[in-house]
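First up is the structure itself, then whatever we jot down about it.
The values are calculated or read from the model by the stated rules, or taken from the named source; none is laboratory data. All figures in this text were calculated on a predicted structure; none of them were measured in a lab. Virtual Cβ from ideal backbone geometry, glycine too; neighbours counted across all protein chains shown. Ligands, DNA and RNA are excluded from the accessible area calculation, which covers all protein heavy atoms including side chains. Shrake-Rupley method; radii C 1.70, N 1.55, O 1.52, S 1.80 Å.
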Amino acid sequence: MDIYETPLPGIGVRYEFQADSGDHVGVVVRRDGKRDFALYDREDPDSCRGTVELSEADSAALVELLGGTSITSRLEGLRHQIEGLAIEWVTMPRHGGLTGRTIADGRIRTETSASIVAVIRGEDGNPGPGPDFLLEAGDTVLVMGSDAAVRKATAILVG
């Protein structure tokens with residue numbers, strides 16, 4: 001089964017697949033932790049037959065009902081394949097750290113070997129921001145690297 005992933009800047013990520021029954025199913029994983037489950041029309045895949053908004057607790061319950069233990073087992077196996085990789089979402093503080101400064105000012109890649117791979121500002125996503133990107137209070141910065149590198153980068157970002 002192919003699962004298609006579509007980033008939705010400022011919102012989250014949409015995952016879609018076609019079930020064995022022929023139904024087109026989608027799940028939007030929102031940044032606020034909620035999930036939107038959608039069932040698309042078989043005749044018009046751009047038309048949605050209905051959606052259900054699920055809280056984090058609802059999602060967890062549904063995962064268990066659908067066999068979440070096997071999913072958890074698979075994810076644990078994947079984690080071992082990329083041992084040492086850390087991904088962290090860092091919210092920029094009102095003052096201090098790199099707030100009001102550019103990514104280059106922090107020398108994060110040089111000093112820590114971690115990478116800033118995206119910045120979300122309000123509803124806008126900025127993938128692969130350059131060194132001249134000015135960080136603002138409230139920005140959400142996606143940092144990736146080793147555990148130690150991400151910890152050091154986070155300390156630089158937030159001060």
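Selection of segment 110-159 for residues being more than 15 Å from Leu98 (Cα to Cα), aliphatic (A, V, I, L, M), open to solvent by 30 Å² or more (accessible area, probe 1.4 Å) and outside any strand (DSSP E or B) yields only Ala148.
Scanning segment 99-114 for residues that are within 23 Å of Arg31 (Cα to Cα) and touching a helix residue (DSSP H, G or I) at 6+ places or on another chain (Cβ under 6 Å) yields one hit, Ala114. Return the total of residues in segment 91-109 being open to solvent by less than 30 Å² (accessible area, probe 1.4 Å), in a helix (DSSP H, G or I) and either in contact with a Pro (Cβ under 8 Å, 6 or more places away or on another chain) or farther than 15 Å from Leu142 by Cβ (or both). Qualifying residue count, segment 91-109: 1. Of all residues in segment 30-51, those that are under 23 Å from Glu123 (Cβ atoms) and either in a strand (DSSP E or B) or open to solvent by less than 80 Å² (accessible area, probe 1.4 Å) (or both) total 9.
For segment 1-19, the tally of residues that are in contact (Cβ under 8 Å) with a residue 12 or more places away in the chain and open to solvent by 50 Å² or more (accessible area, probe 1.4 Å) stands at 11. When segment 52-65 is limited to residues that are over 23 Å from Leu8 (Cβ atoms) and open to solvent by 80 Å² or more (accessible area, probe 1.4 Å), the one that is modelled with the highest pLDDT turns out to be Leu65.
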